[in-house]
Structure formats: C-alpha cells, structure tokens
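Heads up, the thing below is written out as structure tokens.
The values are calculated or read from the model by the stated rules, or taken from the named source; none is laboratory data. Source: prediction; values computed, not measured. Glycine also receives a Cβ, built like all others from the backbone with ideal geometry; neighbour counts cover every protein chain displayed. Just the protein is used for accessible areas: all its heavy atoms, side chains included, with ligands, DNA and RNA removed. Shrake-Rupley method; radii C 1.70, N 1.55, O 1.52, S 1.80 Å.
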Amino acid sequence: GTDVITLHRPTGEIVWAAPSLTHILGYSPVDWTGHRLGEFAREEDQPEIDRLFIDTLAVTGSSQTARFRVRHAGGAWRWMEATGTNLLGDVDVAALVVNQHDITDKQATEEALRQSEQRFRALVENSEDCIQLCTARGTLLYVTNSSTAVFGHSADEMVGRNVFEFVHAEDRERSSELWQKCLDTPRIPLRAEFRVPHPSGTEHFVEIVRVNHLDDPGLRAVVSICRDISDRKELELRVRQSQKMEAIGRLAGGIAHDFNNILSAIHGFGSIIEADLPARDPMRDDVQEILRAVERATMLTRQLLAFGRRQVLQPQALDVGSYLRDMERMLRRVIGEDVELVIRVDDQSVRAKADPSQFEQVVMNLVVNARDAMPRGGRLTLEAANVTVQAGAAGAQPEVTPGPYALITVGDTGLGMSPIVQEHIFEPFFTTKETGQGTGLGLATVFGVVKQSGGHIFVDSAPGKGSTFRVYLPASADQPVLAKAATGTYPAVGGAETILLVEDEASVRTFVARVLRRHGYMVLDASNGGEALLMAEQHPGKIDLLLTDIVMPRLSGQQLSKRLRTVRQDLRVLYMSGYADAAIIQHGVLEPGTGFIEKPLTAEALWRKVREVLDATPEPVPRLVGPE
C-alpha cells in the first residue's frame, strides 16, 4: 500500500510494521520492531509524536492526527502525516494503530505557498499605496493599513463601509461612472483621479487604479490601488501658474517695449516744444500736461517690463541690512504711525546680488502691500538672513536651486488672503482694492524683478492671519555696496564731438539726433547696423561715441559695437534700450562699467548721459553679458 501501518504497545514500542515500510521509507519491518517511532523521527518533532500517542491513549475508538519528519533509510527526511487510533480494546488487534502517509511533496507545496503569501502580505501591508478589495456594490472587504496616510481613516474604520463614502461629493458621479465601466470590463485596469475629504478638513487628491477581478475564484472582488498625489497636483499647479506668468510676461514686455519707443518720441518732441515756447505762452500748460501724462505712462511701462523680466539690470553685491536700515526712515513715513515696524537682520552680513534700485523697489512694494493689508494698524516685520537651501530638505521649495541665498522676509498682521487670491496675487492688474485704489502692478513688479534677478518669491497667508512674503535672492561673496552710488551731475552743456547714432525707430532717431545737434554735437544717424558700418567706413574724421539701441534687426547693438571697435579702438559706446532681449535676455544684465541709458528717453537724461560717457575715464571695451 501507500501507507506505513504500525501497531504499538501502550508504552509506544512497535510490535508490528506493514511490508509497505520497505518501499516507502526503505526499512524492513524487522528494523522497526521493538523500537519507538520517535527513534526514527527528527528530534524537534518528538513532542508532536508524544502528543499523538497521549491523545490516542486518552480516547478509545477515535482517531488523532499529527505531522512529523521521519528519516528515510537512505538518509533523507520525509514528511509523514500520521493518524493514531486506540484499538487496545479490540480483541483482534489489542494495540495502538498508527497509519502514516508520505506528504513530503504536499508539505513542500504548502510551504512554498505559505512563503509566497507571507511575501505578498508583506508587500501589500508595507506599500505606501492603499490597496482595497470591494464587492460589486462597493462594500469594502479589505483595506491595507496605508489607508490612514491616503484617506485619513484606519483600515478598521473603512472595512464594511461603501467605497463612495470616501469620495468628495462633487466627484461621486464621475466615480460612479468609472465603477460601472470597471464592472463592464473585467481584468482591464482603469485609472482616475478624485478628491478625498480628509478628516483634517482639507481636500486631498487621490489617484485610483481599479481592476475587476470578480470572476477570479481567488479574489472575487474589485481591486483598487490608491495613491495620494496632492503634492504632485500642487507642483503641477505651480508649473502651470509659472507657464501662465511667463506667457503674460512676454506679452507685457513686448507691449512695454513698443510703448517705450512711442513715449520717447512723445516726451522728446514735447520737451523740445516746451523749451522753445516763451515763458508766458498759454500753450506751455498744455505741453506740460502732456509731459506729465507721459511720465505716468512711463511708470506703467517700467512696471510691465519688470513683471515681464525684460528690464536691463545692473546687479552688484548689496549689504541687505545696510540698505534696510537706510530705508527705515522712509519706510516709517510710508506705513504711518498706526503700524509698528520691526527690522531684524542676521548677526552676520547678509549679502545679496541684485540691482540696488530694483531691490529698493521690491522692498517698497512689499511694504506698501503690507500696509494696505492693515487698515486698522498692526505690526510689519522686515527680516534678512543668510540661508542655504539643501537639496531634498524638508520644507524646501522644489523650484529653488540648492545653494546660498539672502532671505528677505516681509510679514504683516493684516487681513490675509484666501487661496484663490494667492493664486493670482502676482499677476499684473490683479487687485483686491476698489477701482482707483491701485493699479495691481505692485506685486507683479516684485515678482518680475525677483525672478529676473535669479531669485524666488513665495507667500504664506490665510484670511484673518496676515501674510508673509519670503524673497530668496542669490547670495554674493563680493565686497558689498553699503550705500547708493553717487551719480555725478553734469551742467547743461554740450560738446563738439562726433556721435554715431543707430536707432531703428524713426521717430526716436529723429528726436535723439535733434537733441544732440542742439547741444553742438555732430551726429551721424543710421537706421540699422549695416548702414552704421558703412557710415563709419566712409567718415574721414574721428567718431567719439557710438550711441546705439541694443535690440535691432539683423545686427544687434552689441555686434555692431564689437565690429566698430576692431577698427576704432578709442570709440566709446553708450547703449540705449527699454527692453532686455536678444543679446542680453540670457542673463538680463549689463557688465559693470557699461554705458547704458533706459528708454523712454528724455532730452535732459540723454545729454547728461552722453556727456558723462564722453568725460569718463577710458574703460575696457564695454560689452553685454550674453550670446553674441
């Protein structure tokens, strides 16, 4: 037979063994007769054999079972499943009967299955994703412990409830449609994203992959794998917001560039008319009103250029603490007496690389914004500190490149902002103020300046809890500028030098040429770089100054300057532009010492700057940072 049958005395000795012992375990019946079963079994299995005999002796007629390992005559261990029956009262047997069946292969299969189940359970229970098993109606049968991290509820709280209870009310209809589709298409994974109302009161975004395994005998359930993607959705929102701001910035910058040329012409010719009118001419008031309107428009274009990151910046190392203390008196006048101003600066020198005037504009706009958020007074805190952003550090903003920064924090105890307002706060012309109370360009300007300076700005706020703006500017190891650089004043005198003027906008070129000629300069005016090269080649005398626009078709101001300086080494260069693009947009900055005048131009600023560049000590060839 396939079983080993042995008869035992009450004390356990074997009195008879079936012949099947030989082909199953390799022993002859004589080898086992007079011995105990435990002598052939594995030592750690002896207690199981003892229990089998004790239980068999205790109950007459019924069978007891046990599993243990017995050594084959060849040396291998075999798993045996034994059934013990007490037949001591049977006069024909008068013994304990043990029937052993070789289950080695079965035991190996069960062990492999057990290990597989352990590995699967360890994988499922330790997964960061929440895994759910549901009935066809959506009742949760099983939920992994990771449900707490994803849904905010423990597995015990979720099992037995309907899966739709944990979906945001506004998303339940869409979730129901996915569920029905899942029931209609077995074994096909379906993916969707839903909002989940978290017990903390917040909304989490959850990505769900569902597969219908109701026809699988081993599962009989709909399997759902759920992952919290709130952080990813937040990052996607920031990327979309950044892309939107970039697109708006390009539009704003382009518009401002065109307007700067128009405003240069309007203000230029207006100022010429004003200078030619007699002191008591009734037209003077009208012309002055035009000039004032141009100045207001100029401020708007500058703000748009700042937002669009199209300004020409001249960054240098700044001692942030020194600048904040120098601005303190002015800031106190701006915020009024009902707002307490607190300035805290790191004990160590906080050095940032930024354009000084633009840095002051950033601080001023943030302070004015904070003041407006505190109509009944409050506290405004200005802080500056050195920080180093570590890659992957907790709380670090993913868009901030790791490295050293100067962190300027502007906090207020004002009205605060809702999440919707925060989403649009840096967009141009967005404002929560009443009509006529603001342009909505203040924070847009701050955003543009900070970004073009290679920095980052973030806001933390909540209704009724004030706002905190954090500005990260690149740190600088250079010797800082402690105060504003003094700008020399030049009398209203001209000169007799020769100036090569290159400007593609006809009205601007005409105005600039007229102003310079009025001040005694000889002007060669060209509409593009090619024409300027031809003029320079044909002009027999010295050319003292190249006054050129930066952005021109075909040949940029930088390229033109470089080519002219190869043959006229003593040529001085003065760039003019209201728009950082093309040759300088890669960095948006000028090298220190480069002559530059910003559009829109005024007659006074123009002749003063021309005289300044002509009278300055000769410098190395001025050039722009960026591709040529």
What does the charge count around Leu277 come to, taking other residues whose C-beta lies under 11 Å from its C-beta (Lys +1, Arg +1, Asp -1, Glu -1)? -3
How far apart, in nm, are two points set 7 Å out from the Cα along the Cα-to-Cβ line at Thr202 and at Val15? 7.8
Can you tell me the FRET efficiency between Lys465 and Arg554 if r is taken as the Cβ-Cβ distance and R0 is 60 Å, rounded to the nearest 0.05? 0.60
Cβ-derived FRET efficiency at R0 41 Å, Glu110 paired with His35, nearest 0.05: 0.90
Here FRET efficiency (C-beta to C-beta, Thr401 to Asp286, R₀ 56 Å, nearest 0.05) is 0.60
For Thr468, the accessible surface traced by a 1.4 Å probe with all protein chains present amounts, in square angstrom to the nearest 10, to 50
So, with points 7 Å from each Cα along the Cβ direction, the Asp478-Asn145 label distance in nm works out to 5.7
Given pairs Lys451/Lys562; Lys451/Lys609; Lys353/Lys465; Lys353/Lys599 and cut-off 26 Å on Cα-Cα distance, the over-length ones are Lys451/Lys562; Lys451/Lys609; Lys353/Lys465
Reported to the nearest 10 Å², Lys562 has, with a 1.4 Å probe, an accessible area equal to 110
Explain nothing, just compute: Karplus ³J(HN,Hα) = 6.51 cos²θ - 1.76 cosθ + 1.60, θ = phi - 60°, for every residue of the range 7-24 in order, whole Hz, x for Gly and Pro. 10, 10, 6, x, 7, x, 5, 7, 9, 7, 10, 5, x, 4, 4, 5, 7, 8
Segment Glu604-Val239, length gained on full extension (0.36 nm per residue, minus Cα span): 127.0 nm
Along the Cα→Cβ direction, 7 angstrom out, place labels at Asp92 and Ala136. What is the inter-label distance in nm? 5.5
